[in-house]
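Colleague: Sending over a structure as structure tokens; questions will come in a sec.
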Amino acid sequence: MCAKRSLPGGGSLGPGKKSRLDVDLVMMKIRQEYNERCSCRKNFKLCTIMQHMLYAYIDNRTLVDRRINELVESGRLRAIRLGIQDEETALVDLEEYVQFCLIKPKNLALMEKFVGMVNLHPSQVYTREELSEVFSEKDVSELVQMGVLTRRNIIGSYWLSVPGIGKFVKSLEKGRKALQLHLRRSKFKQLLRTSLEEKKFSQSNLSSTFLIDDAIGIDAVTVVESTCGAMLRLND
């Protein structure tokens, strides 16, 4: 692995033990990448990153997960479960999430009531019993229709969700396929990261840097150090 890893938007993490502040720095940089270089934002304005993307810069996944849990519990973040591959976790700023949900909902009063509950409860999952303490069965059905709740495979259980999140998921899935296909067609199924970052994948509205961090985080590629820099090798 790299001794020194460049962050999206500039800067780097040096070698040595990482801290919670390093997790915050990496997350800030990845969010900056989404806001400034991902055209997906034109159609889906809520800054959304995947938790595993932080693993591209910090090997200690326990440290990352622990810090994310702290930020969720403290009310700075909310974790959103996405059923892309074995239920992956997306991260959004809580304040931004609330503002986003309140943009022209079909039922403003109900949405205000819901985000008020989300502000107080950091859970990714809500049971029918928990929801029934605040909402009627009709309310819950309407919240599902508005996109803030998604039914789980477990009867009577719901994931916290985001209205219109399908646009982000679609762009991410297309970007993953395009990046991996590009590597598969290259010599030895590997390319320099710097070279890959210059590539524009027309199938996705997410930047190459964003997609690379995602690929490293889900272990779709391995980072190999070479004399020319970090090489990304496709994992079969």
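Colleague: Go through (1) part of a helix (DSSP H, G or I); (2) surrounded by fewer than 13 Cβ atoms within 10 Å (Cβ to Cβ) one by one and return the number of the condition Asp65 breaks.
Modeller: Among (1) part of a helix (DSSP H, G or I); (2) surrounded by fewer than 13 Cβ atoms within 10 Å (Cβ to Cβ), the lone unmet condition for Asp65 is (2).
Colleague: Of all residues in the stretch 21-55, how many are modelled with pLDDT under 90, surrounded by fewer than 18 Cβ atoms within 10 Å (Cβ to Cβ) and assigned to a helix (DSSP H, G or I)?
Modeller: Of the residues in the stretch 21-55, the ones modelled with pLDDT under 90 are 39-43.
Keeping just the survivors that are surrounded by fewer than 18 Cβ atoms within 10 Å (Cβ to Cβ) gives 39, 41-43.
Those left that are additionally assigned to a helix (DSSP H, G or I): 39, 41-42.
Looking only at that region, the number is 3.
Colleague: Pick from the stretch 176-224 the residues that are among the basic types (Lys, Arg) and over 17 Å from Met50 (Cβ atoms): which of them is surrounded by the fewest Cβ atoms within 10 Å (Cβ to Cβ)? Break it down into steps so the answer makes sense when it comes.
Modeller: Within the stretch 176-224, the subset among the basic types (Lys, Arg) is 176-177, 184-185, 187, 189, 193, 199-200.
Still in the list and also over 17 Å from Met50 (Cβ atoms): 184-185, 187, 189, 193, 199-200.
Numbers: Arg184: 10, Arg185: 9, Lys187: 6, Lys189: 16, Arg193: 21, Lys199: 13, Lys200: 8.
The selected residue is Lys187.
Colleague: Let me ask something else. If you go through the stretch 85-104 one residue at a time, do you hit one that is more than 20 Å from Cys47 (Cα to Cα), surrounded by 13 or more Cβ atoms within 10 Å (Cβ to Cβ) and either in contact (Cβ under 8 Å) with a residue 24 or more places away in the chain or assigned by TED's automatic domain parsing to the domain that holds Ser136 (or both)?
Modeller: At the first step, the residues of the stretch 85-104 found to be more than 20 Å from Cys47 (Cα to Cα) are 85-86.
Add one more test, that the residue is surrounded by 13 or more Cβ atoms within 10 Å (Cβ to Cβ), and what stays is none.
For the stretch 85-104, residues more than 20 Å from Cys47 (Cα to Cα), surrounded by 13 or more Cβ atoms within 10 Å (Cβ to Cβ) and either in contact (Cβ under 8 Å) with a residue 24 or more places away in the chain or assigned by TED's automatic domain parsing to the domain that holds Ser136 (or both): absent.
Colleague: Within the stretch 92-142, can you find the residues that are among the aliphatic types (A, V, I, L, M) and assigned to a helix (DSSP H, G or I)?
Modeller: Of the residues in the stretch 92-142, the ones among the aliphatic types (A, V, I, L, M) are 92, 94, 98, 102-103, 108-111, 115, 117-118, 120, 125, 131, 134, 140.
Listed by number, the residues that qualify are Leu94, Val98, Leu108, Ala109, Leu110, Met111, Val115, Met117, Val118, Leu120, Leu131, Val140.
Colleague: Looking at the stretch 143-164, is at least one residue in a helix (DSSP H, G or I), surrounded by 18 or more Cβ atoms within 10 Å (Cβ to Cβ) and in contact with a Gly (Cβ under 9 Å, 6 or more places away or on another chain)?
Modeller: For the stretch 143-164, residues in a helix (DSSP H, G or I), surrounded by 18 or more Cβ atoms within 10 Å (Cβ to Cβ) and in contact with a Gly (Cβ under 9 Å, 6 or more places away or on another chain): absent.
Colleague: Looking at Lys200, Lys167 in this structure, which one is at pLDDT below 95, of a type in the set (Lys, Arg) and closer than 22 Å to Leu7 by Cβ?
Modeller: Working: Lys167 fails: closer than 22 Å to Leu7 by Cβ.
Every option except Lys200 fails the conditions.
Colleague: Return the residues of the stretch 29-60 that are over 15 Å from Val169 (Cβ atoms) and in contact with a Cys (Cβ under 6 Å, 6 or more places away or on another chain); say none if nothing qualifies.
Modeller: Arg31, Asn35
Colleague: Moving on to the next point. For the stretch 115-124, give me the residue count where each residue is under 13 Å from Leu149 (Cβ atoms) and either touching a strand residue (DSSP E or B) at 6+ places or on another chain (Cβ under 8 Å) or not assigned by TED's automatic domain parsing to the domain that holds Asp139 (or both).
Modeller: Residues flagged as under 13 Å from Leu149 (Cβ atoms) and either touching a strand residue (DSSP E or B) at 6+ places or on another chain (Cβ under 8 Å) or not assigned by TED's automatic domain parsing to the domain that holds Asp139 (or both) within the stretch 115-124 amount to 3.
The values are calculated or read from the model by the stated rules, or taken from the named source; none is laboratory data. Values in this document were obtained by computation on a predicted structure and should not be read as measured data. All Cβ positions, even for glycine, are placed from backbone atoms using ideal geometry, and neighbour counts span all protein chains on display.
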